[in-house]
Each structure stands twice: as C-alpha cells, then as structure tokens.
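Have a look at the structure below before the remarks.
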Amino acid sequence: MISSIMVTSMDISVENIKGVGGAKAKLLKKVGIETVLDLVTYYPRTYNDYSTISVIVKLMPGTVCIKAKLTSIAGRYVRRGMHITEAIATDDSGSVKLVWFNQPYRATSMKRGEQYFFVGEYGLHGKNLSISSPESELISDMPINAARIVPIYRETKGLTSRLLRSLISQGLDCIDSLEIVPSTIQKEELLLPWKQAVKLMHFPNTMEDIEQARSRLAFEELFVLQVASLLNKNELKGQHSLSIAFDEKLAKKFVENLPFKLTDAQRRVVWQIYKDIEKDEPMNRILEGDVGSGKTVVALMAALMCIASGHQVVLMAPTEILARQHAETIYRLLEPIGMHVSVGLLIGAVAKNKKQILKEMIASGRTKLIIGTHALIQDDVTFSSLGLIIVDEQHRFGVEQRRTLQKKAGHMPHVLHMTATPIPRSLALTVYGELDVSILDAKPAGRAPITTTIVSPNSLQPMHLAIKKEIEKGRQCFWVCPLITESAVLAAKSAEKVALELKQSVFKSMRIGLLHGKMKSAEKEKIMHDFLDHKLDILVSTTVIEVGVDVPNASVMVIQNADRFGLSQLHQLRGRVGRGNQAGMCYLALSDSKAVSKRLRYLEQSNDGFKLAEYDLQLRGPGAIYGSSQHGALDLRVANLTDVVLISRARSSAKAFLDGNPDLSEYAHLNVAVLKARSVTNLN
C-alpha cells in the first residue's frame with residue numbers, strides 16, 4: 001500500500017502562478033483553491049457562447065461580440081460624481097459607440113489604434129445605439145474572455161470569472177497528466193485523456209467539447225466511488241459473524257398472530273434478511289420503506305430469529321419518543337405468541353438506578369432485545385452476544401456512532417439499516433454502494449389515502465372549518481411549525497404563537513397541546529402520551545414529530561409555512577396521518593400568496609415517496625436529502641447523481657476491474673483517490 005500523500009508539480013502552491021500574491025491567495029483559499037491542481041479542477045458553473053463574431057453594420061440588439069480597432073476613447077465626470085468612459089470601435093463595415101459607467105481606468109488601460117475583441121449588450125442606451133460596459137481583450141490566437149465559448153465560475157468578492165480565467169489559463173500550461181482511470185478502461189469507455197478533458201472543461205471549442213469532457217471527468221469520479229464501495233463490501237464479506245438459524249415454526253406462529261396481513265413486499269424482504277443472517281459473514285443491508293410501509297414488523301421478524309438462536313439484538317432510534325414507541329409496538333406484537341423476551345429500553349430519561357440494573361442485565365445476556373438511543377454507545381454499555389444491530393432512520397446517525405455500536409459486539413454483527421426517506425436509485429449505487437438494498441414498495445392493506453391541499457393565507461377559513469369538522473367526528477390534528485418562538489429575522493409562524501392563536505379562534509373549545517425540542521424529556525413524553533390517549537385534539541409541534549410517531553386516530557396534518565420545508569421532510573410529516581382506517585388530510589399552509597412552487601405542486605399531486613425523492617434530488621441535490629457534510633465529503637465536482645446510466649457504467653467497469661484482482665499499488669493515482677473515498681463511503 002502506498003502513502004496517501006503523493007506530491008506532483010500540481011501540488012505546488014497557487015502562489016507560484018503569475019499574478020497571485022498573498023491577498024489573492026487568501027481569496028482563492030476561501031473557495032478551496034490552494035494548489036495548482038485545486039485551481040485547474042475549479043470547474044465552470046456555466047458558459048457564455050461568444051464564439052460568433054458580428055460585423056458592426058449588422059449588429060442586432062442583445063449580447064454581441066465584435067472584433068474592432070479602438071479609434072478613440074475618453075472619460076469624464078458627470079452629475080453627482082458619476083464617471084462615463086466613451087469610445088469608438090471600428091471594423092471594415094462601420095463604427096459603434098462603447099460606453100462604460102464608473103470605470104475610469106478604461107481610458108488608460110486601452111490604447112487607440114489597437115485591435116480588440118469587445119463583448120457586451122448592444123442596444124438603445126439613452127438616445128443612441130451603443131455597446132454598454134463591454135468586456136475587452138486584445139486580439140490574440142487564444143482569447144480567453146471573448147470570441148469563444150467563455151467559462152463562468154462561482155465567484156466571491158474580489159474573485160471574478162475574468163481573473164479566474166486568467167489564472168486557470170496559466171495553470172493549464174503547467175499541469176501534468178493525472179490519469180486515475182486505468183488505461184484499459186479508458187479505451188473500453190472511449191474516454192478522453194484527463195489533461196485534455198480538463199482543458200476542454202475550461203476552454204472548449206464547441207458545446208460538444210463540454211459534454212465530452214464532463215462525461216469523462218464524471219465517469220472518473222463515479223468510478224473511484226464504485227471501486228471504494230466494492231472494496232468495502234468485499235472486506236466486510238471477509239469478516240466473521242454469528243450464523244443465525246431460521247426457525248420456520250416461530251416465523252409462522254408470529255405471522256399468524258399478527259393483527260394484519262403481511263404485504264408481499266414484507267414477505268420478500270424478510271426472506272432476503274433470513275438468507276443473509278444464516279451465513280457466517282455479516283449482513284449489511286438497508287431497508288427502504290416509505291412512511292407506513294411496515295419496516296418495524298420486518299425488523300422484529302429478523303430480531304426474533306436472532307433471539308431464538310440465543311443472541312442479542314439492538315435497535316437504535318434517533319429520538320427517545322421513537323425508541324419508546326418501538327418498545328411499545330414490539331411488546332404488543334410479541335404478546336400474542338407468548339414468547340418471553342426480556343426487552344430493555346435504554347434512553348436518557350430512564351432513572352439512574354434502573355439504568356444501571358438494565359446495563360448489568362444487558363452485559364450478562366439476560367436482556368435479549370435492547371431498544372435505545374445514543375445512550376447505547378456509552379462506554380459502560382457492553383453486550384454478551386450481540387448478533388444483530390438495527391439502525392432506524394440511519395441517516396440521522398453519524399458513521400462513527402454506528403461504528404462505535406458495532407465494535408461493542410467484539411465481532412462484526414449483522415446490520416440492518418432502515419430509512420423512511422426513500423433513496424433514489426442513483427444514490428443507492430453511489431453513496432450506499434456497499435449495501436444490499438431491500439425495498440418495501442407497498443403499504444399494508446386498508447391503509448387510508450392522504451389528500452394534500454395547498455392553502456394560501458387568504459384561504460385559511462375553509463381549512464379551519466374542515467379541520468373543526470374532523471375533530472368533532474373524534475379525529476385529531478397535528479399542526480407543525482418551523483419555529484419554536486417568534487423570530488425577528490424569519491417571517492414564519494412559531495409553534496408558541498400558533499398554539500395561542502388557535503386557542504382564540506374557532507378551535508377555542510378544543511384541547512390544544514404544545515410540543516417542541518426545548519422541552520424536558522419527561523414533559524415531551526407526557527404531552528405525546530396525552531395526544532396518543534386522545535386527551536388532546538390538536539398537537540401544535542415543531543418537526544420533533546417528523547420521524548416514527550404513530551397516532552392512528554390523527555387524520556389531519558397542517559404544515560405551517562410549508563414553503564420553508566424540504567420536499568422529503570414534508571413527505572415525512574405528511575406520513576404522520578392516515579395511519580389508521582381513516583382518510584388523511586394534509587394542508588400545506590403557505591407563508592404568502594405568491595406563486596406556488598413547482599415542488600409543492602408535485603407534492604400535492606404525488607404520494608409516492610420514491611418519486612418525490614428522485615424529484616428532490618434533481619431540484620436540490622443529495623445534500624438536501626442526506627446532509628451537506630456527507631455529500632461535500634464525496635467531492636463530486638462534475639458527476640451528477642441523477643445520471644443513473646453513467647453510474648451504472650462506472651459500477652460495471654469498477655466490478656470488472658476488481659474481478660481481475662489488481663494490485664492497487666500499481667495504480668498510484670487511483671490508489672490515493674480510492675483510499676480517500678473508502679473513508680467517506682464506508683457506513684460500517
């Protein structure tokens with residue numbers, strides 16, 4: 001294995017580039033540019049096509065590029081200190097006026113008689129036709145700011161695209177070849193050489209050049225991720241885990257005593273898990289299921305086999321409310337089969353003396369099923385024979401937190417990750433590439449539909465009356481707000497204010513509760529239980545109720561200032577209702593009466609979490625769904641995670657490459673990139 005640090009001429013400081021002093025180096029560092037390699041891989045965000053050079057006599061209104069001689073230029077101050085620079089540019093067909101505002105340096109920076117390219121807006125300015133505030137560049141064989149397709153970069157104060165073009169042009173003259181993708185794969189995939197692709201990204205000759213360069217560089221990024229995730233997966237397979245036998249009689253007994261019928265999707269997924277845990281190599285599977293698809297039952301069926309084999313199971317949940325609810329659900333489902341399983345609930349709210357007794361029972365192996373929160377990863381929590389770990393809403397936990405829990409087993413346990421946030425197929429192939437994926441794509445029979453309605457501030461009264469009728473029928477309502485208290489900065493309603501307003505409105509005779517994250521655990525538990533026991537009609541809350549809370553009698557969800565929430569989060573919140581046999585209603589209350597966004601219209605029309613996740617990925621990128629820190633660590637500068645075709649190509653190439661048992665130390669640049677990617681993609 002080679003060192004993870006490789007020094008090349010591209011690793012030298014960007015200060016070696018002409019025109020970069022200490023001040024500019026600081027500006028460049030703000031956008032992540034410290035070396036020449038950073039500079040040349042700071043790719044454009046878009047392009048302007050100035051490749052068509054117009055003759056002056058045929059100029060039409062709009063953005064134009066001309067090649068002309070500067071025949072006169074002069075500057076003057078006018079009213080209120082404004083400075084105007086005026087010039088005349090001439091080609092063989094005629095002349096045109098050029099005008100710059102508050103750029104006095106123009107009169108001295110350009111010379112009469114010189115030939116320039118000028119790019120700017122041609123049109124009627126005042127009473128005269130002219131080109132307003134044009135960019136200028138001396139005629140040369142290799143222009144970088146005009147007469148070509150010009151790159152536009154992400155800018156910051158003092159760091160313009162014009163400056164970046166100049167610096168990158170110099171940087172490109174001194175870069176080496178940096179081939180990460182093996183040459184055999186480059187030939188098979190018809191990929192451009194890396195150096196050529198990088199140059200075309202910045203200074204393409206045609207729009208086709210851009211697409212070809214993008215495809216080549218994106219393939220490389222995805223190929224590295226795929227190699228990393230496949231290596232992680234292969235490494236996991238090489239580790240030893242406890243083999244958990246399938247007890248057919250127990251499985252049948254449990255299913256026969258369920259108060260509902262399993263869906264075909266649940267049966268399929270349970271069988272996949274049973275086949276996994278029978279092996280002595282660790283399972284590493286993610287269970288995707290839309291809100292209300294029945295993931296908990298699937299997880300419990302896996303847990304039953306593990307417990308019957310004499311081993312322990314841990315279920316880790318992100319919140320105490322959800323952990324407690326899991327414990328209650330599991331107890332209710334186990335009771336009919338008469339299986340005496342010691343279930344322990346390890347959360348922060350448990351009294352110190354009871355917690356100590358529970359930890360001793362866990363360490364001795366007397367407690368077989370342990371449900372908890374982050375309290376499970378405390379140093380003094382030890383296990384006797386941990387066979388299976390179930391992580392609910394796995395993206396709410398950090399990689400290190402999950403690893404800490406796994407290390408407590410003393411061996412590699414079987415791991416089942418669960419998420420109610422559907423993962424688009426493209427992300428499943430990249431970010432979660434080393435996981436086996438199971439999908440619950442059907443909801444239990446009898447689950448009522450949810451009708452979603454967008455409500456403007458002018459249409460609140462009909463919504464209030466509809467909700468009042470539901471409550472009078474004996475139903476309950478969630479009312480979710482983005483803030484706990486009022487904010488002087490954000491124009492959004494707080495949970496505290498909404499609760500007060502409801503008590504003074506048509507709901508004044510209703511029982512209204514308030515729940516938010518700043519309350520003490522005991523207080524939150526009491527309010528949630530009061531709502532569960534129907535001692536409250538309306539629960540005004542923040543997004544603390546987003547995950548897992550199950551109140552079958554709740555049929556109405558109001559999301560205040562819905563335009564301030566992400567699409568996936570809105571879908572999660574909506575899934576809190578319609579969980580019984582009553583039809584659910586979700587109202588998306590807008591902040592103002594402006595035009596409704598496309599994403600809210602999409603949510604109004606679709607209840608399919610998988611389609612919504614794909615749409616959200618296209619709109620806002622993976623950072624919006626899985627956290628910006630995780631996506632940022634992937635360092636994807638070119639690849640688009642919605643490009644399933646390219647991802648599949650990269651994965652096939654990575655698999656074929658690794659099937660040849662290569663010595664990665666012979667692929668120096670690839671090895672370094674893969675080492676970095678493995679630490680990012682490994683979820684274990």
Does segment 170-190 hold any residues that are surrounded by fewer than 20 Cβ atoms within 10 Å (Cβ to Cβ), within 20 Å of Met142 (Cβ to Cβ) and touching a residue at least 24 places away in the same chain (Cβ under 8 Å), and which are they? Gln170, Leu172, Cys174, Ile175
Selected residue [charged (D, E, K, R), over 24 Å from Val381 (Cβ atoms) and at pLDDT below 90] from Lys275, Lys279, Lys252, Lys233: Lys233
Would segment 264-287 turn up any residue that is over 18 Å from Asp436 (Cβ atoms), buried (at least 20 other Cβ atoms within 10 Å of the Cβ) and of a type in the set (A, V, I, L, M, F, W, C)? no
Among (1) in a strand (DSSP E or B); (2) touching a residue at least 40 places away in the same chain (Cβ under 8 Å), the one test that Ile84 misses: (2)
Determine the pairs where a residue that is in a helix (DSSP H, G or I), located within segment 191-212, has a partner that is small (Gly, Ala, Ser) with Cβ atoms under 6 Å apart, the partner being 6 or more residues away or on another chain. Lys195/Ser177; Ala197/Ala213; Leu200/Ala213; Met201/Ala213
Could you tell me whether any residue of segment 198-207 is open to solvent by 40 Å² or more (accessible area, probe 1.4 Å) and more than 19 Å from Asp141 (Cα to Cα)? yes
Out of (1) of a type outside the set (Asp, Glu); (2) assigned to a loop (DSSP other than H, G, I, E, B); (3) within 16 Å of Ala554 (Cα to Cα), the one Val506 does not meet is (3)
Can you name every residue in segment 239-250 that is closer than 20 Å to Ser438 by Cα and either open to solvent by 40 Å² or more (accessible area, probe 1.4 Å) or more than 37 Å from the chain's Cα centre (by Cα) (or both)? Phe246
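Please work out which residue is farthest from Asp209 (Cα to Cα), limiting yourself to segment 12-58 and to residues that are acidic (Asp, Glu) and over 29 Å from the mean Cα position of the chain (by Cα).
That would be Glu15.
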Out of the residues in segment 540-584 that are over 20 Å from Ala492 (Cα atoms), aliphatic (A, V, I, L, M) and buried (at least 19 other Cβ atoms within 10 Å of the Cβ), state the one that is modelled with the highest pLDDT. Val556
Within the bounds of segment 252-260, is there any residue that is free of Cβ contacts under 8 Å to residues at least 12 places away in the same chain, within 29 Å of Ile185 (Cβ to Cβ) and open to solvent by 70 Å² or more (accessible area, probe 1.4 Å)? no
Quick count over segment 260-294, residues being under 22 Å from Asp441 (Cβ atoms) and in a loop (DSSP other than H, G, I, E, B), is 10
Return yes or no: is Lys524 open to solvent by 20 Å² or more (accessible area, probe 1.4 Å), over 22 Å from His571 (Cβ atoms) and modelled with pLDDT of 90 or more? no
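Quickly run through segment 351-371 and pick out the residues that are of a type in the set (A, V, I, L, M, F, W, C), without any contact (Cβ under 8 Å) to a residue 60 or more places away in the chain and open to solvent by less than 30 Å² (accessible area, probe 1.4 Å).
Passing the criteria: Leu358, Ile362, Ile370, Ile371.
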Can you pull out the residues in segment 457-479 that are among the small types (Gly, Ala, Ser) and either assigned to a helix (DSSP H, G or I) or open to solvent by 30 Å² or more (accessible area, probe 1.4 Å) (or both)? Ser459, Ala466
Taking Ile347 and the conditions (1) open to solvent by less than 50 Å² (accessible area, probe 1.4 Å); (2) in contact with a helix residue (DSSP H, G or I) (Cβ under 9 Å, 6 or more places away or on another chain); (3) at pLDDT 85 or above; (4) over 27 Å from Leu258 (Cβ atoms), which numbered condition does it fall short on, given that it satisfies the others? (4)
Taking segment 15-57 only, how many residues are part of a helix (DSSP H, G or I) and either of a type in the set (A, V, I, L, M) or modelled with pLDDT of 95 or more (or both)? 10
Scanning segment 326-344 residue by residue, those assigned to a helix (DSSP H, G or I) and either among the aliphatic types (A, V, I, L, M) or open to solvent by 20 Å² or more (accessible area, probe 1.4 Å) (or both) turn out to be Ala327, Glu328, Thr329, Ile330, Tyr331, Arg332, Leu333, Leu334, Glu335, Pro336, Ile337
Exactly one of Thr451, Thr485 is open to solvent by 20 Å² or more (accessible area, probe 1.4 Å) and modelled with pLDDT of 90 or more, and that residue is Thr451
Within segment 131-171, tally of residues that are closer than 26 Å to Leu59 by Cα, charged (D, E, K, R) and outside any strand (DSSP E or B): 3
I need the full set of residues from segment 1-12 which are farther than 17 Å from Ala673 by Cβ and either part of a helix (DSSP H, G or I) or modelled with pLDDT of 90 or more (or both), in order please. Ser9
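The values are calculated or read from the model by the stated rules, or taken from the named source; none is laboratory data. As the structure is a computational prediction, the values presented were derived from the model and not from experiment. Neighbour counts are summed over all protein chains in view; Cβ atoms, including those assigned to glycine, are modelled from backbone coordinates with ideal geometry. These accessible areas exclude ligands, DNA and RNA; they are computed on the full protein's heavy atoms, side chains included. Shrake-Rupley method; radii C 1.70, N 1.55, O 1.52, S 1.80 Å.
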